[in-house]
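The values are calculated or read from the model by the stated rules, or taken from the named source; none is laboratory data. The shown structure was predicted, so the numbers you read here are calculated from the model rather than taken from an experiment. Here the Cβ positions follow ideal geometry from the backbone for every residue, glycine too, while neighbour counts run over all protein chains shown. For accessibility, only protein heavy atoms count, side chains too; no ligands or nucleic acids. Shrake-Rupley method; radii C 1.70, N 1.55, O 1.52, S 1.80 Å.
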Amino acid sequence: MFHSSYIEISRSALKHNLAFLKAQLKPGTRFSSVIKGNAYGHGIEEFGELAYTCGVDHFSVFSADEAYRLYQVLAQKATILIMGYIDDEQLDWAIAHDIEFYVFSLDRLEAAGIAAQRLQKPARIHLDLETGMNRIGLDTGELEKAAAIILKQPGAFDVVGVSTHFAGAESSQNHDRVTNQLNRYHQAVQTLKQLGLKIKTLHTACSAAAMAYPETHLDMVRVGIMQYGFWPSPEIYQRYMGVSTDRTDPLRRLINWKSHVMSLKAVPAGEFIGYGKSFQADSDMLIAAIPVGYSWGFSRSLSNQGQVLVRAHRAPVVGIVNMNVLMVDVTGIPDVALKDEVVLLGKQGDEHITVASFAELSTQLNYELLTRLPLNIPRKIID
Ligand SMILES: *Cc1c(COP(=O)(O)O)cnc(C)c1O
């Protein structure tokens, strides 16, 4: 084994989550699997291929480089949509390979038109609308100009969709803001139609909106975090559990992050462990070193705070998390041996370390923690 840790991705958990999510949608609503941020840390290539074998045929990514990575494994088998960054140099590649992309400025629209004329192939675009998040998106005042650019170049554009993104559908505190956004969105869509554009797919919803605002489903939803088995916020989870007849979480985590015991050391009472003096043994201890540290996404803020699983027991992190090594206390755990499996995230026996508990301790959100799992930890699919 050349890697000090690896990530397992569960096929059965994904199948389960997809079935749950699809059951929440109105019949006929298309499902786009959001795989930006390296598929929320699960690995674009590995997750993309897995999701495809589970029936997903539409993927949304942030940037052209992510689209390129997915294209290497799926080619034309699925629709790929870039919701964010694409440089002028990558427009030709996207158009030539039927990659769809958001247009959120008139500049980008002009550039896409020029590239499409040059390639003699329509650019498959989604007009992304500013409706109140104030991040990216075409302003209401730009719609007329956008429609004119599109209509004066017949054959250069295929307006596949019109989209927007909500500024905080995961909290009912933002209810007014989200509702206003949806209203503005519908008005803008009306305007675009009156200007003569033909639009195929209306889409606005992320996971939280799909759960809390069914009226946002429209023709397609773009679901990220929930397919991986995580809720967008505790509020959305509680809201669902409040109306569900089942008492158990309908989502299952896909991810297990594992390593192994690299070294075992008996440390006498009174000694300090690791760098500095943050941890002193108050009795004789058995300490296991694990070859994972903050350079692998195991946050330094878990120093003297985090836990891992060894032989189905919780073992607390002792001392400071180093760049490539962390130490855990295995004193009370029977039969711990070199090379024993160590679970950093996920399940072992009846115990589990959830990202939520991990994130609370390291003050990172689920989203942030998952996407910080480095690219170069190998991902493997399990059942
Ligand atoms: C990330 C993202 C989503 C998915 O969000 P989740 O909360 O993970 O479901 C949908 N749409 C856009 C534009 C996004 O950036």
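Some values worked out for this structure:
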item: GNM top mover of Asn17, Asn322, Asn174 - the chain, alpha-carbon springs below 10 Å; result: Asn174
item: Euclidean distance between Cα centres, region 1-62 to region 311-346, Å; result: 30 Å
item: J(HN,Hα) series, region 159-171, from Karplus relation 6.51 cos²θ - 1.76 cosθ + 1.60, nearest Hz, glycine and proline x; result: 7, 6, x, 10, 10, 8, 9, 7, 8, x, 5, 7, 10
item: 222 nm mean residue ellipticity, helices alone, for the chain (DSSP H n ≥ 4; -39,500 (n - 2.57); rounded to 500); result: -9500 deg cm²/dmol
item: Gain on full stretching of the segment that runs from Asp107 to Arg314 - 0.36 nm per residue minus C-alpha separation; result: 69.0 nm
item: Relative contact order (%) - region 11-243, alpha-carbon pairs under 8 angstrom, separation at least six; result: 20 percent
item: Portion, in percent, of the accessible area of region 163-236 that falls on carbon or sulfur, probe 1.4 Å; result: 48 percent
item: Tyr294 - accessible surface, heavy atoms, 1.4 Å probe, Å² rounded to 10; result: 100 Å²
item: Too-long pairs where the Cα-Cα distance tops 31 Å, listed order kept, from Lys26/Lys152; Lys22/Lys198; Lys36/Lys277; Lys36/Lys347; Lys26/Lys380; Lys36/Lys198; result: Lys26/Lys152; Lys36/Lys277; Lys26/Lys380
item: Evaluated at q = 0.08, 0.12, 0.15 Å⁻¹: base-10 log I(q)/I(0), Debye formula over Cα of the chain; result: -0.49, -0.94, -1.26
item: Debye-sum result for region 122-167 in log10 I(q)/I(0), which assumes one identical scatterer on each alpha carbon, at q = 0.18, 0.29 Å⁻¹; result: -0.56, -1.07
item: Diffusion constant of region 255-382 at 4 °C, which comes from Stokes-Einstein with the Kirkwood Cα-pair radius and 1.567 mPa s, µm²/s; result: 88 µm²/s
item: Trypsin sites (Lys or Arg not before Pro) within region 274-348, DSSP loop, no more than 12 other Cβ atoms inside 10 Å; result: Lys277, Lys339
item: Hydrodynamic radius of region 191-263 per Kirkwood, over alpha carbon pairs, in Å; result: 15.2 Å
item: Alpha-carbon centroids, region 215-231 and region 239-303: separation in whole Å; result: 31 Å
item: DSSP-defined antiparallel bridges as percent of all bridges, the chain, nearest 5; result: 50 percent
item: Distance in nm between pseudo-label sites at Glu271 and Glu235 (7 Å out along the Cβ direction from Cα); result: 5.0 nm
item: 24 Å tail of the calculated P(r), region 48-183, as % of Cα pairs; result: 35 percent
item: Å² per residue, accessible surface of the chain at 1.4 Å; result: 45 Å²
item: Label-zone membership for region 104-145, site Tyr85, 7 angstrom Cα→C-beta point, backbone N under 15 Å; result: 136
